[in-house]
Amino acid sequence: MVGVTASALMGVMNPLLGRLGSLLEREDVNLQGVHRQVIFLREELRSMSTTLEMVSESEEASLQIKEWMGQLRELSYDVEDCIDIFMHRLGHVATCSGFIQKIISKVITLKAHYHIGIQINELKERVMEVSDRRKRYKIDPSTLSPKSVAIDPRLPALYEEADRLVGIDRQIDKLVQWLNDGISLHTQRKVVSIVGFGGLGKTTLANQVFQKVRSQFNCTAFVSMTRSPNVTKILSDTLLQFLKSSPVTEDQNQHIARLQEDLYLKTLEYSQLVKMNRDYLQNKRYLVIIDDLWSKQAWKEVQCAFPQNNNASKIITTTRIEDVAKYCSIPHKEYIYPMMPLDSDDSKSLFLKRIFYHKDDCPLELKEVTDDILRKCHGLPLAIVNIASLLATKPICKREWERVRNSLGSANEQDHQLELVKRILFLSYSDLPHYLKICFLDLSIFPEDHVIGRLCLIRKWIAEGFIAEQQGQRLEDTAENYFGELINRNMIEPVGTDYSGRPRACRVHDIMFDLIISLSVKENFVTIMDNHKLTPSVNKIRRLSLQGNCAEQSLWLGANSLSQVRSFTVFGDVGKIPSLLNFHILRVLDIQNCPTLEDRDIENIGSLSHLRYISLYNSNIGKIPSQIGRLQHLQTLDLRATRIKELPATIAQLHQLVRLCVPNGVGLPNGIGDMTALEELSMLDASKNSPEVVQELGNLTKLKVLGIKWCGDNAINDEGSFKKSLISSFSNLGERNLHSLRIDTTERCSMDFLFDSLCPRPLLTNLVILIEEVGGGDVDVLKDLPALRCLQIFTTEYPQESLTISPNGFQCLEDFHFRPSMYMKKKKGMMSLIFEAGAMPRLNRLWFRFVVHDTLSTYGANFDFGISLLSSLKCLWVSINCRGSMVWEVEAAKATITNAAALLPNCPRHEIHIFGEEEMVEDEEHKEDGGTADQPDG
């Protein structure tokens, strides 16, 4: 554990060293010995960072070393706080050129240097104490225990009895089919990769497939990798297994015996082993399993020992990292098998068979608690098996099972049967680089099972200073890469995707979440208060997360300083929150779904001069104080789902603000055009803003994301002036960075005025339109947007005419949503979409709705949307409105869609959703209206 603790601490230390270096580059840090003192701090901390590198290679250490690391962690935080305060004071120095102003600025600068000089002297004394302690403890490689060689927790999976496995038959059949493909022909070596989160059963699956097909190969081997693999040993093991598995003649026995002796007794070089493997396999059909690959480099070093002969040889790799799987399978990327969790039936079967040997033997009183336990396991076979094994040793009674269920939420370290699950999850965490560890620990501030928005998360990482600057790359792009790497390593689970294929959000698996919490508490990363419970800590509070009912928290918080808190998050109704005056260096203020939050709770928000991120999402706030204009470092202001109707004029003073999100109906002040750092503005309600404000949008040349709403009957400006101002601004923005636009109107109006007047066409990639009704002409206007990749159209009515999508236009569109309201005001609806041959040639995802009875009445039972013509389609969602329809009509529609999807080359995943069943008609009722209950012949 100590190695991981040191590694996480390096995630704090490394950014700090960078900040100290940047501080030294400033010309104004050269007074009263401050420069020399900063150099001293940097060099001492750099030396300690080197020691941390050594400690991170160890798993065990004395209590003294652990104490030293804890003191170093707190020291690092305090040094960073000192830098923040100093830089903030320098930031208040005026830049005016007048003589008096220069004198005032000089005085402020001298005062800032005086204060930081005092603080750095105090920090210097602490640094020397920590450094002396390191020397006294003799912390060097010779005093540290090397990482122990533990029994590989995957080994039991290799000897699992097939008759005790559940939900694996279909997976085995699929992989066997891939391996048998071309086996009778002289094809080249093929690599099949199994990828998935730790604990899903990759090793078990690979071994079962191995046992099933090994007889078809001349020689076989199954080897397991480690995070830091000894490649020479692995290649030696593969050759030994190849030799043992191959049938040999009497004449070959002597040669084989000498070769085996060399492998057992001699230390052979990597190049020798590569050649020996290649020579032996050159004319053989071989099968090798390489289990648990952690890196592309490891694959590079191992795979070259297995020749590309024309004997239909096969390699199976397992990995937790998607990029590694793709790299291994080149050029056969279609042979990547993603492991999925067990479904509820298989989970229950596996769980109960481990305890009772037959699921029907489970007492009825245990059904509810069984379901609770399995929900926490989320279909992870390894978790299910180990928890079942734990329960198998205990009395079969509800109280005992409930105790185990409750322990899953608290990660009870005394339940040794759970250690296997924890170890596998811990291995994944240990493998993270330093910069990802600190981002990963930040997930501990969220409640269990919380869906965490991708964009909100990465913006908080930036605000906290977790994202290091990389040359030529924006911080947000770097943060996106960090998020993607955590997804790729299966550390977090993606939730939904946007038009670009990126996850919209993520969720942390419950078992992994327990690990994060335990690590965060040990690292003093977060202090969590939940339902009157507090994570204990003797250190300063660095991050505070309030969750659940914390009405009595004031007694504790009043006795503890919040001045060092960097991040304050609130989830739900927690009662009275602490006064913002208690926070001195707060960077992140995130209050979500808190109905008791009142205007007076944020009246002192202007005092939080270090704030970079504010979210008051779905709270009861109705007014933002004018002092918010003081927050000169603020980058994100999220006020969605609040009661706010107007923003103060001082909002225009936030020149560093990048994202401004407000609820519908908010009035923006004049001067919005001065906020030139804005990249996102949503929503701008034209009915509450003057033409001058709309005109000022054109000054926001960095704007990438814009939301606009208007309603002609209550706008404060007439429709003509509004459109003129909007076109002027939009023309200016469209020539620059704008790539995502949302248009929301309750009117039946055409898009012609907005898009027809623009030349050249704006390079929008994402367009969302909410409108009363859309016609064919509106679609024609949009089809020539040259860069459009995602188009979403939401209407309150179904179209009165079919919308035909022709092959002309929409050449880049990948994601198309056409979603009329499920509940119509008018009673007449028509078929919604018809795709002609060649339409939307790059479309990957399609989601649309239609009224089944109106469609069949107009076009007959053999209607065709043209879905089978969308050759690039990979995902299809169709919602069928059953209003006024009969059962046979719904079944005919479902069959038509399913058959059309089956004709597509990519075999798209398709889902059909039914709604409006309560408005379906009985057959007899339809007969009385002159119809027929029978399905028509044609």
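May I ask you to say which residue of Ser721, Ser729 is assigned to a helix (DSSP H, G or I) and either under 24 Å from Leu873 (Cα atoms) or at pLDDT 80 or above (or both)?
Ser729
I'm checking my understanding of the structure. Among residues of the range 622-645 that are hydroxyl-bearing (Ser, Thr, Tyr) and surrounded by 17 or more Cβ atoms within 10 Å (Cβ to Cβ), which one is nearest to Arg587 (Cα to Cα)?
Thr636
Among the residues of the range 851-865, is there at least one that is in contact with a helix residue (DSSP H, G or I) (Cβ under 7 Å, 6 or more places away or on another chain), crowded, with 18+ Cβ neighbours inside 10 Å and either modelled with pLDDT of 90 or more or basic (Lys, Arg) (or both)?
The answer is no; no qualifying residue exists.
Looking at Lys174, Lys212, which one is assigned to a helix (DSSP H, G or I) and farther than 30 Å from Pro494 by Cβ?
Answer to the check: Lys212.
Does His532 count as closer than 15 Å to Tyr429 by Cα, at pLDDT below 85 and out of contact with any Phe, Trp or Tyr (no Cβ under 7 Å at 6 or more places or on another chain)?
It is false that His532 is closer than 15 Å to Tyr429 by Cα, at pLDDT below 85 and out of contact with any Phe, Trp or Tyr (no Cβ under 7 Å at 6 or more places or on another chain).
Which count do you get for residues in the range 869-896 that are within 24 Å of Leu813 (Cβ to Cβ) and surrounded by fewer than 18 Cβ atoms within 10 Å (Cβ to Cβ)?
6
Select from the range 565-597 the residues that are within 18 Å of Cys82 (Cα to Cα) and of a type outside the set (Val, Ile, Thr) and write down the one among them that is surrounded by the most Cβ atoms within 10 Å (Cβ to Cβ).
Here the residue is Leu586.
From (1) assigned to a loop (DSSP other than H, G, I, E, B); (2) crowded, with 17+ Cβ neighbours inside 10 Å; (3) modelled with pLDDT of 90 or more, pick out the condition that doesn't hold for Ser619.
Among (1) assigned to a loop (DSSP other than H, G, I, E, B); (2) crowded, with 17+ Cβ neighbours inside 10 Å; (3) modelled with pLDDT of 90 or more, Ser619 violates only (3).
Here's the yes/no breakdown for (1) touching a His at 6+ places or on another chain (Cβ under 9 Å); (2) farther than 25 Å from Cys304 by Cβ; (3) modelled with pLDDT of 90 or more:
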residue: Pro156; (1), (2), (3): no, yes, no
residue: Asp163; (1), (2), (3): no, yes, no
residue: Arg170; (1), (2), (3): no, yes, no
residue: Ser184; (1), (2), (3): no, yes, no
residue: Gln188; (1), (2), (3): no, no, no
residue: Val195; (1), (2), (3): no, no, yes
residue: Gln208; (1), (2), (3): no, yes, no
residue: Asn218; (1), (2), (3): no, no, no
residue: Ala221; (1), (2), (3): no, no, yes
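Is it true that Tyr327 is at pLDDT 90 or above, in a strand (DSSP E or B), under 24 Å from the mean Cα position of the chain (by Cα) and at negative phi?
no
May I ask you to verify whether Gln656 is more than 29 Å from the chain's Cα centre (by Cα), part of a loop (DSSP other than H, G, I, E, B) and either closer than 24 Å to Arg459 by Cβ or at pLDDT 95 or above (or both)?
So Gln656 fails the test.
Go through the residues of the range 254-277 one by one and say whether even a single one is at pLDDT below 75 and closer than 27 Å to Asp181 by Cβ.
No, the conditions are met nowhere in the range 254-277.
Residues that are free of Cβ contacts under 8 Å to residues at least 40 places away in the same chain and surrounded by fewer than 21 Cβ atoms within 10 Å (Cβ to Cβ): which strands (runs of 3 or more DSSP E) entirely in the range 429-546 hold 3 or more of them?
493-497
Going residue by residue through the range 808-827, is there one that turns out to be modelled with pLDDT of 85 or more and either of a type in the set (Val, Ile, Thr) or more than 25 Å from Gly496 (Cα to Cα) (or both)?
Yes, the range 808-827 contains a residue that is modelled with pLDDT of 85 or more and either of a type in the set (Val, Ile, Thr) or more than 25 Å from Gly496 (Cα to Cα) (or both).
If you scan the range 603-616, which residues turn out to be closer than 18 Å to Arg459 by Cα and either among the aromatic types (Phe, Trp, Tyr) or part of a helix (DSSP H, G or I) (or both)?
Tyr613 - this is the single residue of the range 603-616 that is closer than 18 Å to Arg459 by Cα and either among the aromatic types (Phe, Trp, Tyr) or part of a helix (DSSP H, G or I) (or both).
Name the residues in the range 585-602 that are in contact (Cβ under 8 Å) with a residue 24 or more places away in the chain and either over 22 Å from Phe446 (Cα atoms) or outside any loop (DSSP other than H, G, I, E, B) (or both), would you?
Val588, Leu589, Asp590, Ile591, Gln592, Asp599, Asp601
Quick one: is Phe351 at pLDDT below 85, outside the structural domain of Ile172 (by TED's automatic domain parsing) and out of contact with any strand residue (DSSP E or B) (no Cβ under 7 Å at 6 or more places or on another chain)?
no
The values are calculated or read from the model by the stated rules, or taken from the named source; none is laboratory data. Model, not experiment: these values are computed from the prediction. Neighbour counts run over all protein chains shown; Cβ positions are idealised from the backbone, glycine included.
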